[in-house]
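Visitor: The structure is given below, and queries will be raised subsequently.
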Amino acid sequence: MSLVLDPAAQDLLFREARTANTFTDEPVTEEQVQAIYDLVKFGPTAFNQSPLRVVLVRSAEARERLVPLMAEGNQPKTASAPLVAILAADNEFHEELPALLPHFPQAKDMFFSERPARESAAGLNAALQAAYFIVGVRAAGLAAGPMTGFDFAAVQKEFLDDDHTPLMIVNIGKPGDDAWFPRSPRLTYDEVITTV
C-alpha cells in the first residue's frame with residue numbers, strides 16, 4: 001500500500017462516502033459538530049487566514065426561513081435533515097490575522113488592505129475549509145449533503161451580512177433510506193495528472 005491511512009478509513013472518508021439525499025431523524029449533537037470543527041480547523045489555508053464561518057440551522061423557525069430559499073429539488077432534503085449548516089466566507093478575515101499569524105502580523109495590511117483582494121482570498125480559502133468540513137463530517141461517521149442549489153443573495157440577506165459570502169449549504173446526519181444515487185464516474189489518473 002502506498003497510503004498509510006487504514007483502508008477502512010480511506011473507505012469512510014472517500015471511496016464509500018457519498019453525498020446523502022435522505023437522512024434518519026437521529027439528531028446531530030453539538031458535541032459532534034465541535035469534534036468535527038476541532039479536527040478540520042487544522043487543514044491548511046494561505047497565511048492561516050481561516051475565513052470559513054458556519055451558521056448551524058437548528059431551530060424550526062430558521063429552517064422555515066431557509067427551505068424556501070433552496071432550489072426546488074433541494075427543499076425536501078433540507079427540510080428533513082437533522083442539521084443544516086450554511087458555510088460562508090468571511091471577507092473581513094484579515095482582522096484575525098495578527099492572532100492567527102503572529103510571526104507575520106503585517107500581512108493583514110500588506111496583502112489584504114483592499115476588499116477585492118480579501119474577497120478573492122476568502123472565497124478560495126473558505127472553499128478549501130468547506131472541503132475539509134465535509135471530510136470531517138464523514139470522519140464523525142455522519143453523511144454530508146453539500147449543495148449550491150439555493151438563492152445566494154437571499155441566504156446572505158436572511159442569515160448573514162454584507163461581510164459574509166455564502167458558499168454552500170450542507171445537510172448533515174445519518175443516511176436514511178435510499179440515500180445515495182449511483183456512484184458517478186471519476187476521471188482517471190492519466191486524465192488528470194501530467195508530469196513536466
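Visitor: Just checking, which of 144, 130 is under 18 Å from residue 91 (Cβ atoms) and under 18 Å from the mean Cα position of the chain (by Cα)?
Guide: Going through 144, 130 in turn, just one is under 18 Å from residue 91 (Cβ atoms) and under 18 Å from the mean Cα position of the chain (by Cα): 130.
Visitor: The conditions are (1) open to solvent by 50 Å² or more (accessible area, probe 1.4 Å); (2) out of contact with any Leu (no Cβ under 6 Å at 6 or more places or on another chain), and residue 179 fails exactly one of them. Which is it?
Guide: For residue 179, the exception is condition (1).
Visitor: Under 18 Å from residue 17 (Cβ atoms), among the acidic types (Asp, Glu), out of contact with any Pro (no Cβ under 7 Å at 6 or more places or on another chain) and not in a helix (DSSP H, G or I): is that true of residue 162 in this structure?
Guide: The answer is no for residue 162.
Visitor: Hey, another quick one. Only one of these is over 21 Å from residue 156 (Cβ atoms), open to solvent by 70 Å² or more (accessible area, probe 1.4 Å) and among the aliphatic types (A, V, I, L, M): 101, 97, 12. Name it.
Guide: 12
Visitor: Six or more apart or on different chains, Cβ atoms under 8 Å: show the pairs whose first residue is in region 72-98 and modelled with pLDDT of 95 or more and whose second is in a strand (DSSP E or B) and among the hydroxyl-bearing types (Ser, Thr, Tyr).
Guide: 88/165; 89/165; 91/165
Visitor: Given (1) open to solvent by 40 Å² or more (accessible area, probe 1.4 Å); (2) part of a helix (DSSP H, G or I), where does residue 155 come up short, assuming only one miss?
Guide: Among (1) open to solvent by 40 Å² or more (accessible area, probe 1.4 Å); (2) part of a helix (DSSP H, G or I), residue 155 violates only (1).
Visitor: So how many residues does region 128-149 have that are in a strand (DSSP E or B) and either within 22 Å of residue 47 (Cβ to Cβ) or open to solvent by 20 Å² or more (accessible area, probe 1.4 Å) (or both)?
Guide: Number satisfying all stated conditions: 1.
Visitor: For region 1-101, which fully contained helices (runs of 4 or more DSSP H) count at least 1 residues that are of a type in the set (D, E, K, R)?
Guide: By residue number, 30-40, 60-66, 75-80.
Visitor: Kindly indicate whether residue 125 is among the polar types (S, T, N, Q), open to solvent by less than 70 Å² (accessible area, probe 1.4 Å), part of a helix (DSSP H, G or I) and touching a strand residue (DSSP E or B) at 6+ places or on another chain (Cβ under 6 Å). Lay out the reasoning, then the answer.
Guide: Working: among the polar types (S, T, N, Q): yes; open to solvent by less than 70 Å² (accessible area, probe 1.4 Å): yes; part of a helix (DSSP H, G or I): yes; touching a strand residue (DSSP E or B) at 6+ places or on another chain (Cβ under 6 Å): no.
So residue 125 fails the test.
Visitor: Tally time: how many residues in region 33-81 are touching a Phe, Trp or Tyr at 6+ places or on another chain (Cβ under 6 Å) and either open to solvent by 60 Å² or more (accessible area, probe 1.4 Å) or not hydrophobic (A, V, I, L, M, F, W, C) (or both)?
Guide: Looking only at that region, the number is 3.
Visitor: State yes or no: is residue 46 farther than 14 Å from residue 129 by Cβ and not aromatic (Phe, Trp, Tyr)?
Guide: Considered against the rule, which asks whether it is farther than 14 Å from residue 129 by Cβ and not aromatic (Phe, Trp, Tyr), residue 46 comes out as no.
The values are calculated or read from the model by the stated rules, or taken from the named source; none is laboratory data. Just so it is clear, the model here is predicted, and its values are computed rather than measured. Quick reminder, even Gly has a Cβ in these numbers, built from the backbone with ideal geometry, and neighbours come from all protein chains shown. In case anyone asks, the SASA skips ligands and DNA or RNA and just uses the protein heavy atoms, side chains included. Shrake-Rupley method; radii C 1.70, N 1.55, O 1.52, S 1.80 Å.
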